[in-house]
Amino acid sequence: MTLLELRDVTKRYALGRLERVALRAVSLDVHPGELVAVWGLRRSGRSTLLRVAAGIEQPDEGVVRFDGRDLGGRGPGPLGSALGFCSTRFDQAHGTTVLDHVAIGRIARGAGRNAARSAASGVLERVGAGHCMGFDPRELEPAEAIRAGIARALVTEPRLLVLDEPTSGVDLLERDALLELLRSLADDGIAVLAAVGEAVGGADRMLAIGDGQLRGETVPEHAPVVPLRPRRAEPSA
Ligand SMILES: Nc1ncnc2c1ncn2[C@@H]1O[C@H](COP(=O)(O)OP(=O)(O)OP(=O)(O)O)[C@@H](O)[C@H]1O
Ligand SMILES: [Mg+2]
């Protein structure tokens, strides 16, 4: 079953009197339980692809369907419920805790405060950021902020998670642990579409994008990401 479907999607932006084509006839399918990574150079069109895939922006040509439904259709779309979007960083929120900030997504869907907090606490634990619940979001380390952002997107129990550069600005150990988290979310049945800046392990498919066009697809060996571990000190003789 295809959960997310893009067909011949083209997206243009006006640049003064000029026009910039950010996506050119992009087609792709994402299935439940799949981790699909889109990688490319800077300005290759990754973020635009994700915004259009999440229904944040509409394509100029082509169609985007989520669960068979046109994302450009009338009525409330799945964004913020069955479709979770996470941009590069957890939003800077003033005067609240990480727990409450994550809970907001659930409150916006009609949950009471206690139920929303309980759901937020569950997803923060799930993504390995349970220790951050009481923090001010501005205190978070980069990797914690990414995990909290993922928790915020997960709190509405989405079937598709769209993430823009979830491994940027973190060291190699943290990057591999984050990839391992994305892999485990996909293994739980969530479809994950993530833009990355480099080839990564653990994805089911890697799509290369260049100048707004999908250039190729690699199917890496389906192996779990093995996080790098610091080497043990050699025992002294
Ligand atoms: N809102 C916008 N208005 C005008 N041009 C845009 C807009 N968003 C993207 N573009 C242009 O579309 C192209 C693709 O940009 P996009 O941000 O999708 O690429 P990216 O691969 O995510 O790049 P980055 O390395 O900046 O993250 C670029 O040339 C960019 O300038
Ligand atoms: Mg980008």
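Taking 20 °C and 1.002 mPa s as the conditions, I'd like the Stokes-Einstein D for the chain in µm²/s, using the Kirkwood hydrodynamic radius from alpha carbon pairs. Translational D for this selection: 116 µm²/s.
Using 0.36 nm times the number of residues separating A82 and T96, minus their current alpha carbon distance, what extension gain do you get? All intermediate terms of the calculation are to be shown ahead of the outcome.
Values: separation 14, 0.36 × 14 = 5.04 nm, distance 2.52 nm.
Separation in residues times 0.36 nm, less the Cα-Cα distance, equals 2.5 nm.
If the elastic network links every pair of Cα atoms under 10 Å, which of R74, R117, R42 fluctuates the most in the Gaussian network model of the chain? Judging by the Gaussian network model, the answer is R74. Projecting the Cα atoms of A145, L99, G112 onto the dipole axis of region 89-157, where Lys and Arg carry +1 and Asp and Glu carry -1 at the beta carbon, places G112 farthest toward the positive end.
Taking the helices alone, the chain has a mean residue ellipticity at 222 nm of -8000 deg cm²/dmol, built from -39,500 (n - 2.57) per DSSP H run of at least 4 residues and averaged over all its residues. Note on region 89-157: with charges restricted to the Cβ of Lys and Arg (+1) and Asp and Glu (-1), its dipole about the Cα centre is near 260 debye.
Remark: spin-label model distance S168-H131 equals 2.7 nm, labels positioned 7 Å along the Cα→Cβ axis.
Using +1 at the Cβ of each Lys and Arg and -1 at the Cβ of each Asp and Glu in the chain, identify which of V123, L71, T156 lies farthest towards the dipole's positive end. Looking along the dipole axis, the top candidate is L71. Couplings 3J(HN,Hα) of region 9-14, computed from phi: 7, 10, 10, 10, 10, 7 Hz, in residue order, whole Hz [Karplus 6.51 cos²θ - 1.76 cosθ + 1.60, θ = phi - 60°; x for Gly and Pro]. In this simple spin-label approximation, D29 and A108 carry label points 7 Å from Cα along the Cα→Cβ vector, and these lie 3.1 nm apart.
Taking 0.36 nm per intervening residue step and subtracting the Cα-Cα distance, what contour gain separates L15 from D211 on full extension?
Working: separation 196, 0.36 × 196 = 70.56 nm, distance 1.59 nm.
Result for the pair: 69.0 nm of gain on full extension.
Rounded to whole numbers, the Karplus 3J(HN,Hα) couplings from phi for region 48-55 are 4, 4, 5, 5, 6, 5, 8, x Hz, using 6.51 cos²θ - 1.76 cosθ + 1.60 with θ = phi - 60°, and x at Gly and Pro. Counting alpha carbon pairs within less than 8 Å and at least 6 residues apart, what relative contact order, in whole percent, applies to the chain? Reported relative contact order: 27 percent. Under a Gaussian network description of the chain, with springs only between Cα atoms under 10 Å, the residue in S118, S44, S81 that fluctuates furthest is S118. Each residue, S184 and R74, gets one label point 7 Å from its Cα in the Cβ direction; the gap between the two is 4.4 nm. The dipole here belongs to the chain: it is taken about the Cα centre, uses +1 on the Cβ of Lys and Arg and -1 on the Cβ of Asp and Glu, and is about 540 debye.
Could you rank the peptides 45-58, 185-198, 7-20 by their average count of other C-beta atoms within 10 Å per residue, with the highest value first?
Details: 45-58: 21.9, 185-198: 19.4, 7-20: 12.6.
Highest to lowest by the protection proxy: 45-58, 185-198, 7-20.
Rounded to the nearest 20 debye, the dipole magnitude of region 119-163 is 200 debye, with +1 charges on Lys and Arg beta carbons, -1 on Asp and Glu beta carbons, and the Cα centre as origin.
Between the amide H of E61 and those of T10, distances stay under 5 Å, these residues lying 5 or more places away or on another chain, with hydrogens modeled in the peptide plane.
Every number here is computed from the coordinates shown, using simple stated rules; none is lab data. The shown structure was predicted, so the numbers you read here are calculated from the model rather than taken from an experiment. A quick note on method: Cβ atoms are made from the backbone with ideal geometry, for glycine too, and the neighbour counts reach across all protein chains shown.
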